[in-house]
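What follows is one structure encoded as structure tokens, with my remarks underneath.
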Protein chains: 2
Amino acid sequence: MVTLADVARRANVSKMTVSRVINHPEQVTDELKKLVFAAMHELDYRPNVAAKALAKNRTQIVKFFILEEISTVEPYYMNLLLGISLALSRHQYSLQLVANNSFDLGVCDGYIITGMRKSDYEWISRIEKPVILFGENLYGYDFVDTNNKKGGMLSTRYALSLGYDKVVFVGIDLKEAFEYSRERGYIQVMQESLKEPEIVRVENHSHKSQEMLQKNWEKYPKNTAFVCASDRIAVGIERAIQEKGANIPDDYGIIGYDGIFLDQVVSPRLTTIRQDVAKLGEICGEMLLNKIEQKGKKQGFKLLDPMLVKRETTRRKGGSEKS
Amino acid sequence: MVTLADVARRANVSKMTVSRVINHPEQVTDELKKLVFAAMHELDYRPNVAAKALAKNRTQIVKFFILEEISTVEPYYMNLLLGISLALSRHQYSLQLVANNSFDLGVCDGYIITGMRKSDYEWISRIEKPVILFGENLYGYDFVDTNNKKGGMLSTRYALSLGYDKVVFVGIDLKEAFEYSRERGYIQVMQESLKEPEIVRVENHSHKSQEMLQKNWEKYPKNTAFVCASDRIAVGIERAIQEKGANIPDDYGIIGYDGIFLDQVVSPRLTTIRQDVAKLGEICGEMLLNKIEQKGKKQGFKLLDPMLVKRETTRRKGGSEKS
DNA sequence: TTGTAGGCGTTATCAG
DNA sequence: CTGATAACGCCTACAA
């Protein structure tokens, strides 16, 4: 195993100079830096994480809390984790996952928390180490999310542009910020278009949205588009329409939200709002590492713009659009 | 921070005695052990992972390699990861995820690898640190999986018991061990029942199995059951049958394989073979930790029995069965 | 069975 | 700007 000392010997400097080249390069002359880098490269030096952690009184571990029922967790979480892990690895951090509401905080340098609901506010506020939330919130916690309002605007605007007469928002029956933001985007675009918003909310299960539409079928005449707050909901809407024998996308349009996995596995494939979840994960990781580095300093929030993915549950305007 | 030294002082023993109580309790008298445990408890002592790692020349890190295209990865991987992480955490290990075929092995104590194909054999065999595969293989690597043959037998036997006349196996178009095992289970039960096996293979996408069935619809008369090698495939089969306006489960039965997420999100809900993926993950983690502890000693393999989950894509025999 | 001394690889601190 | 020294908390090896 190559250590700092080996590199130091090779470069004819002290261990401290090597250490500084790594951690405080601005304190070292360019000349020495060059020498040291060369030596590190020749010897293929890999810093020893444990030693660093010990010396700095760190763990180099981040915990990822999933507060939702794991069975209802969206499949895109896998991508989120990949992104997080990527960012952490770059800084020699690694990951522990915590689910099932085991409130044991354990030993680590910081937390990424997802699926926070109002009721979690209290105990999260007690955590002393740095925390970043995945998912927007109104409690002042630092967070990362897609721009949910923009997502709602994107899909609504697109539905209107395709000439659907009635555009209904099918939301998730949760009083949470991300949901309100998507609805706000919908409402804003509707009002700008001088249309009356119409929102219905269901649990985030395909069978619930399916049931909702079956029961209220007569409320939705032909030429209606359903702008949904999740792909799960969109899938249920799609099934209900198919059951009625109506035509998708000519009579009815559907736009989902999430764009990972589920959208691909139905037929016709969902037009949806895609979030770059892996990227979001990366940003989460970086933000947390910064916060750790800065002794818990507030980081604010970061919103990533979502994209519209045009597929088979909405009409074509004509022209060639990507599938 | 409470250290070994603090505990030692409190218990009026040396640091080494405390260390021994933790790592080699058999070398310490019961009397002292009691004292030490009491002291640890009173002080809420938590061992410092970094220090331990440094002293033992370990990293306390395990890498998880995903060799499949991440976009085709099954949603159940999230549960697998939770299981792995749980096992690792118990032994103060943490996790790094690696995807996108970045062949950088990095620094860690061992690897869990999933999605290995024949072409990966070569480079995996070069890895010096302990490796456990998730997914059965014929190359002598230690692995953890469900009993795929048993899974194939379970679903085939159930289909036959429900009186479906023809029972067809819709497999995944991959020359891999897990697929062969599922097929073997199917074939064995068919032969025991003096029925002719009939196997068709498609890519593991719902649209592919759907297409297959659309094209070959006339081959499958009423009273056929499709035993599928994945829920994805089963979902496509279900859609194709519905398109034809045939009745599920009376005219046609469907049984999937995996039992996480996808089975719940279609309608009617899939009868399927469920794997306890989180448990599998836990076992993976434990097996790897053992292997690390035993300096790379061969661990063999561990198969977990899958379960049949009876839902709505197969007939009822009568009686009350869980949904 | 228990204790002592030394070292694991890194970084902070202080001196030059 | 660079170097020597002393931690960081634990474990191995050896001594008692």
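Per-residue answers, yes or no, for (1) within 25 Å of A:Asn147 (Cα to Cα); (2) assigned to a helix (DSSP H, G or I); (3) in the same structural domain as A:Arg315 (by TED's automatic domain parsing):
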residue: A:Glu179; (1), (2), (3): yes, yes, yes
residue: A:Arg182; (1), (2), (3): yes, yes, yes
residue: A:Tyr186; (1), (2), (3): yes, yes, yes
residue: A:Pro197; (1), (2), (3): yes, no, yes
residue: A:His207; (1), (2), (3): no, yes, yes
residue: A:Met212; (1), (2), (3): no, yes, yes
residue: A:Arg232; (1), (2), (3): yes, yes, yes
residue: A:Pro249; (1), (2), (3): no, no, yes
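Counting the residues of the range B:37-55 that are of a type in the set (A, V, I, L, M, F, W, C), within 13 Å of B:Ala8 (Cα to Cα) and either within 12 Å of DNA strand D (Cβ to nearest atom) or not assigned by TED's automatic domain parsing to the domain that holds B:Ser14 (or both) gives 2. So in the range B:76-92, with the set limited to residues that are in a helix (DSSP H, G or I) and over 20 Å from B:Asp145 (Cα atoms), which one is farthest from the other protein chains (Cβ to nearest Cβ)? Here the answer is B:Arg90.
For the condition within 19 Å of A:Leu81 (Cα to Cα) and touching a residue at least 12 places away in the same chain (Cβ under 8 Å), what is the one hit in A:Ile113, A:Ile124?
On the way: A:Ile124 fails: within 19 Å of A:Leu81 (Cα to Cα).
Among A:Ile113, A:Ile124, only A:Ile113 is within 19 Å of A:Leu81 (Cα to Cα) and touching a residue at least 12 places away in the same chain (Cβ under 8 Å).
In the range A:83-138, the residue that is modelled with the lowest pLDDT out of those that are out of contact with any strand residue (DSSP E or B) (no Cβ under 8 Å at 6 or more places or on another chain) and on the phi > 0 side of the Ramachandran plot is A:Asn101.
Of the set (1) open to solvent by less than 40 Å² (accessible area, probe 1.4 Å); (2) touching a strand residue (DSSP E or B) at 6+ places or on another chain (Cβ under 7 Å), all apply to B:Gly152 but (2). Within the set A:Tyr220, A:Tyr180, the sole residue that is in contact with a helix residue (DSSP H, G or I) (Cβ under 9 Å, 6 or more places away or on another chain) and closer than 26 Å to B:Gln264 by Cβ turns out to be A:Tyr220. Restricting attention to the range A:1-28, the residues that are within 14 Å of chain B (Cβ to nearest Cβ), part of a helix (DSSP H, G or I) and surrounded by fewer than 16 Cβ atoms within 10 Å (Cβ to Cβ) add up to 0. Looking only at the range B:201-222, count every residue that is away from chain A (no Cβ under 14 Å), open to solvent by 30 Å² or more (accessible area, probe 1.4 Å) and either touching a Pro at 6+ places or on another chain (Cβ under 9 Å) or free of Cβ contacts under 8 Å to residues at least 40 places away in the same chain (or both) and tell me the total. Of the residues in the range B:201-222, 7 are away from chain A (no Cβ under 14 Å), open to solvent by 30 Å² or more (accessible area, probe 1.4 Å) and either touching a Pro at 6+ places or on another chain (Cβ under 9 Å) or free of Cβ contacts under 8 Å to residues at least 40 places away in the same chain (or both). Screening the candidates B:Met40, B:Met16 for the property of being over 38 Å from the mean Cα position of the chain (by Cα) and either of a type in the set (A, V, I, L, M) or within 9 Å of DNA strand C (Cβ to nearest atom) (or both) yields one hit, B:Met16.
Residue count for the range B:240-298 under the criterion of being surrounded by fewer than 23 Cβ atoms within 10 Å (Cβ to Cβ) and among the hydroxyl-bearing types (Ser, Thr, Tyr): the result is 1.
Each residue in the range A:238-269 was checked for being within 12 Å of chain B (Cβ to nearest Cβ) and farther than 21 Å from B:Glu74 by Cα, and 6 pass.
Can you find even one residue in the range A:30-41 that is in a loop (DSSP other than H, G, I, E, B) and modelled with pLDDT under 95? No: zero hits. Does any residue of the range B:83-90 turn out to be within 16 Å of DNA strand D (Cβ to nearest atom), within 24 Å of B:Leu304 (Cα to Cα) and surrounded by fewer than 22 Cβ atoms within 10 Å (Cβ to Cβ)? Yes, that holds for at least one residue. Considering the range A:48-75, the residues that are within 16 Å of DNA strand C (Cβ to nearest atom), open to solvent by less than 40 Å² (accessible area, probe 1.4 Å) and in a helix (DSSP H, G or I) include one that is farthest from A:Asn100 (Cα to Cα), namely A:Ala51. Is it true that some residue in the range B:179-195 is aromatic (Phe, Trp, Tyr) and surrounded by fewer than 19 Cβ atoms within 10 Å (Cβ to Cβ)? So far as the range B:179-195 goes, yes, one or more of its residues are aromatic (Phe, Trp, Tyr) and surrounded by fewer than 19 Cβ atoms within 10 Å (Cβ to Cβ). Elements of the type strands (runs of 3 or more DSSP E) sitting completely within the range B:93-151 and holding at least 2 residues that are within 19 Å of the chain's Cα centre (by Cα) and aliphatic (A, V, I, L, M): these cover B:94-98, B:110-114, B:131-134.
Evaluating B:Val73 against the criteria (1) within 30 Å of B:Arg10 (Cβ to Cβ); (2) within 8 Å of chain A (Cβ to nearest Cβ) leaves one unmet condition, (1).
The values are calculated or read from the model by the stated rules, or taken from the named source; none is laboratory data. A quick note: this is a predicted structure, and the numbers were derived from the prediction, not measured. Glycine also receives a Cβ, built like all others from the backbone with ideal geometry; neighbour counts cover every protein chain displayed. We work out accessible area using only protein heavy atoms, side chains counted, and drop any ligands, DNA or RNA first. Shrake-Rupley method; radii C 1.70, N 1.55, O 1.52, S 1.80 Å.
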